[in-house]
Amino acid sequence: MTNRSTIREYLEALIIAGVFLGFTNTFVVKTFYIPSASMEETLLVGDHLFVNRFIYGPAPTRLEQKLLPMRPVNRGDIVIFRSPERPGVDMVKRCVGLPRDEIRLVDKDLYINGKWVDDGPYTWHRDAVVYDDMPSVSQPVRHLRDNFGPSTVPEEHFFCLGDNRDQSYDSRFWGSVPAHFVKGRAFLIYWSFGGETSDGVWRGLGNKLRQLAGTAVGFFSKSRWERTFHVVR
């Protein structure tokens, strides 16, 4: 075998691997990291996730439902989706409302279709203050954060909230998420880093290199190894 044919085989293998990884990242599994505290304590800043992009595929037939792990978005799913305000930015929240659901928050308590929802196992309220409709409180806070609705989720939309309910910018403020904006479901933390994490805003090459250097130096000491391969619920 000549050196040329060996090099060609390596190149072909790399191309095939690149195509496979690209296909997988686009249609099956995608990676995502948490840049903000809106989903604490379920997801922490610095958690790196695998996202199942296959699960919310086109509406499957009964046969496909039996053979393939595909299903619609369910209440309680932690979903990755394009921001309705900035479609170029991905967000992660928990779906609490399905199409035609009536959503209401009364003094921080969530009601769906008139029934109180016990979301205590995953929802955190770090601010004990309950803002009412008071003139002294800014309109977005007093009207939306602790008291919202009632509002009906449109067809082919989902209502999504952060688990860190008092510090989350979510469907209370910018509305429901169109179904075609949903990219997948978060299902596994493959790595969690407790050091400085990028917020997704580009601040120049120097800042990026500094962050990468900090990650490399603190990889072993600042990684949260207890969260490795933690299933997201």
Those residues of the range 78-103 that are at pLDDT 95 or above and either among the acidic types (Asp, Glu) or farther than 17 Å from Ser168 by Cβ (or both) come to a total of 5
Unique residue being under 20 Å from His48 (Cα atoms), open to solvent by 30 Å² or more (accessible area, probe 1.4 Å) and hydrophobic (A, V, I, L, M, F, W, C) when the list is Ala213, Ala179:
Ala213
Can you go through Phe187, Phe173 and tell me which one is of a type in the set (A, V, I, L, M, F, W, C), in a helix (DSSP H, G or I) and either on the phi > 0 side of the Ramachandran plot or open to solvent by 30 Å² or more (accessible area, probe 1.4 Å) (or both)?
Phe173
Those residues of the range 74-121 which are within 22 Å of Val232 (Cβ to Cβ) and assigned to a loop (DSSP other than H, G, I, E, B), in sequence order:
Asn74, Arg75, Gly76, Asp77, Ser83, Val89, Leu98, Val117, Asp118, Asp119, Gly120, Pro121
Look through the range 42-55, keep the residues that are at pLDDT 90 or above and either of a type in the set (Lys, Arg) or in a loop (DSSP other than H, G, I, E, B) (or both), and return whichever of them is surrounded by the most Cβ atoms within 10 Å (Cβ to Cβ).
Leu43
Under 7 Å by Cβ, and 6 or more places apart or on different chains, what pairs join a residue from the range 175-195 that is free of Cβ contacts under 8 Å to residues at least 24 places away in the same chain with one that is surrounded by 21 or more Cβ atoms within 10 Å (Cβ to Cβ)?
none
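The values are calculated or read from the model by the stated rules, or taken from the named source; none is laboratory data. As the structure is a computational prediction, the values presented were derived from the model and not from experiment. Counting neighbours? That spans all protein chains shown, and the Cβs are built from the backbone with ideal geometry, glycine included. For the accessible areas, the whole protein counts, side chains as well, though only heavy atoms, and no ligand, DNA or RNA atoms are used. Shrake-Rupley method; radii C 1.70, N 1.55, O 1.52, S 1.80 Å.
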